[in-house]
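Notes follow the structure.
The values are calculated or read from the model by the stated rules, or taken from the named source; none is laboratory data. All figures in this text were calculated on a predicted structure; none of them were measured in a lab. Ideal geometry is used to build each Cβ from the backbone, glycine not excepted, and the neighbour counts take in all protein chains shown.
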There are 2 protein chains.
Amino acid sequence: MHRVKVTVIEEALDANNTIATANRADFDRHRVKVVNFMSAPGAGKTTLLEQAARLPGVRLGVLEGDVQGSLDADRLADLHIPVTQLNTAPSFGGECHLDANMVRSSIPALPLDQIDLLVVENVGNLVCPAEFRIGEDARVMICSICEGEDKPLKYPLMFRACELVLINKVDLLPHLEFDLDKLQYNIDQVHPGVRQIVLSARTGEGVEEWRQWLVALVGRAAAPVAA
Amino acid sequence: MHRVKVTVIEEALDANNTIATANRADFDRHRVKVVNFMSAPGAGKTTLLEQAARLPGVRLGVLEGDVQGSLDADRLADLHIPVTQLNTAPSFGGECHLDANMVRSSIPALPLDQIDLLVVENVGNLVCPAEFRIGEDARVMICSICEGEDKPLKYPLMFRACELVLINKVDLLPHLEFDLDKLQYNIDQVHPGVRQIVLSARTGEGVEEWRQWLVALVGRAAAPVAA
């Protein structure tokens, strides 16, 4: 008797990754690149999105995740960026993060045929958002220098999950007791070699590098369908 | 036949509150007042605890909650504050908050007979920590002005859950486009009349008011046992 070949199904019970893969397929079909944009509250996600409003050859759309309210979405809509608001309260129990299913629920409302790049602004939180794939091409985080040099060591999963770390609010360097080299060293300790861009959304320093990174992302070959 | 009086058991399934009540009873037995101390990452919790190290007539102890590491605990231990480290990874799944059971697990390690005030420094997060009672006397949060004026509107549960809001880093007011009146108005909108202390852990402005608040808390009558 032949032994039957055993097929190992890995992550069979991880519904989040199953749904993230479905999201990914939808995004690919519409040729939309997707960024999962994460940070602590008030690090500057919306301001840095405002600065990406008019990228050469790139039509931006935003999916705005908040526990409640639409303050950030209103700011972006004022700049004529197509924006869809996703609130985790009441439909999703006031969750502190977005997951693949919440993004899936939003897809019918997204103008995928009219955009090239979708930035998903996650709930402000350095813990749980890093644990849930949503079908994105890239995960990007912002670390504001106001938060101190130790954050990579305290929230390493977030720093490890991202392929780009934006170090924001460097215009405040003269007014803080803050060691930028130490932060950059700590980031490199938990995620060796990760790309870092030092910038100030307020003065514009470094912002062009962030904009060019987004333009290059849109030009990337499509990711494999597996999440 | 007499109708049997129906006893309604509310929150019967809320294990967290059951355990918080047990914590509360232990704290009361040792005459220890407990503060649940919450904020976003990097708002200044540890620095404001350092400033509460030597309160007149109050022996302080700290339970330090982090996803991993003991950076903040080490800072407090350097000031000879008895500090116990509670990490949510690996034992508690890397949770983004403390709950009553995590605190309960820590009680055997706490020097309750040698302290009058236990401050539980929660995980840096403006969402989930507000959802879990731990058996505390008071919940206190820090809002750093670097986070922007809109945070009360985006994370209202946290602002509503606390009886004291510390507005920190006001030494940076001259260097930010920040409207302090607007933040204070927004706080009052989501939690009318809540006590607010404007301070700077760096310059010491307002810190004495925070210290006096803690001393007054220790002098309060014990809370009822129900959580």
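What the table shows:
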{"quantity": "Which numbered condition A:Trp213 fails, given (1) buried (at least 17 other Cβ atoms within 10 Å of the Cβ); (2) in contact with a helix residue (DSSP H, G or I) (Cβ under 9 Å, 6 or more places away or on another chain); (3) without any contact (Cβ under 8 Å) to a residue 60 or more places away in the chain", "calculated": "(2)"}
{"quantity": "Lone unmet requirement of (1) over 27 Å from A:Gln212 (Cα atoms); (2) within 14 Å of chain B (Cβ to nearest Cβ) for A:Ala109", "calculated": "(2)"}
{"quantity": "Selected residue (only one of A:Val67, A:Val123 is within 21 Å of B:Ala43 (Cβ to Cβ) and either in contact with a Lys or Arg (Cβ under 7 Å, 6 or more places away or on another chain) or at pLDDT below 95 (or both))", "calculated": "A:Val67"}
{"quantity": "Of all residues in region A:77-95 being touching a strand residue (DSSP E or B) at 6+ places or on another chain (Cβ under 6 Å) and outside any strand (DSSP E or B), the one that is farthest from the other protein chains (Cβ to nearest Cβ)", "calculated": "A:Pro82"}
{"quantity": "Within region B:99-178, strands (runs of 3 or more DSSP E) holding 3 or more residues that are surrounded by fewer than 24 Cβ atoms within 10 Å (Cβ to Cβ), touching a residue at least 40 places away in the same chain (Cβ under 8 Å) and out of contact with any strand residue (DSSP E or B) (no Cβ under 7 Å at 6 or more places or on another chain)", "calculated": "none"}
{"quantity": "Meets criteria (in a loop (DSSP other than H, G, I, E, B), buried (at least 22 other Cβ atoms within 10 Å of the Cβ) and either more than 14 Å from chain A (Cβ to nearest Cβ) or out of contact with any strand residue (DSSP E or B) (no Cβ under 9 Å at 6 or more places or on another chain) (or both)) for B:Pro41", "calculated": "yes"}
{"quantity": "Count of region B:47-71 residues which are crowded, with 22+ Cβ neighbours inside 10 Å and assigned to a helix (DSSP H, G or I)", "calculated": "2"}
{"quantity": "Residue that is nearest to the other protein chains (Cβ to nearest Cβ) [pool: residues in region B:146-188 that are aromatic (Phe, Trp, Tyr) and over 23 Å from A:Asn168 (Cβ atoms)]", "calculated": "B:Phe159"}
